[in-house]
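The values are calculated or read from the model by the stated rules, or taken from the named source; none is laboratory data. Treat the numbers as computed from the prediction; the structure is a model and nothing was measured. Don't worry about glycine lacking a Cβ; one is built from the backbone with ideal geometry, like all the others, and counts go over all protein chains shown. Accessible surface areas use protein heavy atoms only, side chains included; no ligands, DNA or RNA. Shrake-Rupley method; radii C 1.70, N 1.55, O 1.52, S 1.80 Å.
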Amino acid sequence: MIFRTATRADLPAVLALLADEEQVVDPASVVVGEAHERAFAAIASDVRNEMLVLTDGAAGGEEAVLGCLQLTYVPGLGQRGQERALMEAVRVRADRRGEGLGAELVRLAVERARGRGCGLVQLTSAKRRTAAHRFYERLGFARSHEGFKLRLEP
């Protein structure tokens, strides 16, 4: 397995992971829109953002993206002025769940945040994702806050 920063070539596979949690989506079937291109370019060019992937490490251009997540580093005055890492879009390919890949992906991301000097890693998860909640709790995350979101429509 290889844990690395996503490249533009990984974008269809990342979007495939985000498209459906319950089944494998073929990255070749994913339409990468202009908004996706802009968002990926913004993440890639921002020192406070990282799109990370876990791949199978296959050689010869056949490398498959098995998992992904985005880390955003947020400066703040709390936590003794330390940054916090916000973990978003955590996904593992549906046919590879149960192999420990998700735990390894999160462990590596937490180590990355720790190495940067972050004092906290936080994430949100939709209330309906009860299996994900149990997964995060097994990894040591605590349900410490209630989250709120306000959707802004154009």
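How large, in percent, is the carbon and sulfur part of the accessible surface of the chain at a probe radius of 1.4 Å?
Carbon and sulfur together cover 53 percent of it.
Compute the relative contact order of the stretch 1-102 as a whole-number percentage, counting only Cα pairs closer than 8 Å that sit 6 or more residues apart in sequence.
That works out to 27 percent.
Averaged per residue, what accessible area in Å² does the chain show with a 1.4 Å probe, protein chains only?
I get 63 Å² per residue for this part.
What ranking, highest mean first, results for peptides 109-115, 76-82 when packing means the other Cβ atoms within 10 Å averaged over each residue?
By packing density, highest mean first, the sequence is 109-115, 76-82.
In terms of modelled amide H atoms, which long-range or inter-chain residues lie less than 5 Å from the amide H of Gly67?
Answer set, sorted by chain and number: Leu54, Arg93.
Specify the inter-centroid distance of the stretch 109-134 and the stretch 63-80, based on alpha-carbon positions, in whole Å.
Their Cα centres are 8 Å away from one another.
For a quick protection proxy, order the peptides 64-75, 116-127 by their average other-Cβ count within 10 Å, most packed first.
Highest-to-lowest ranking by the protection proxy: 64-75, 116-127.
Using modelled amide H (1.01 Å from N, peptide plane; none on Pro or chain starts), what sits under 5 Å from the amide H of Gln82, excluding residues fewer than 5 places away?
none
For the chain, which DSSP H helices look membrane-span-like by this rule: Cα extent along the axis of 15 Å or more and mean Kyte-Doolittle of at least 1.6?
Length and hydropathy pass: none found.
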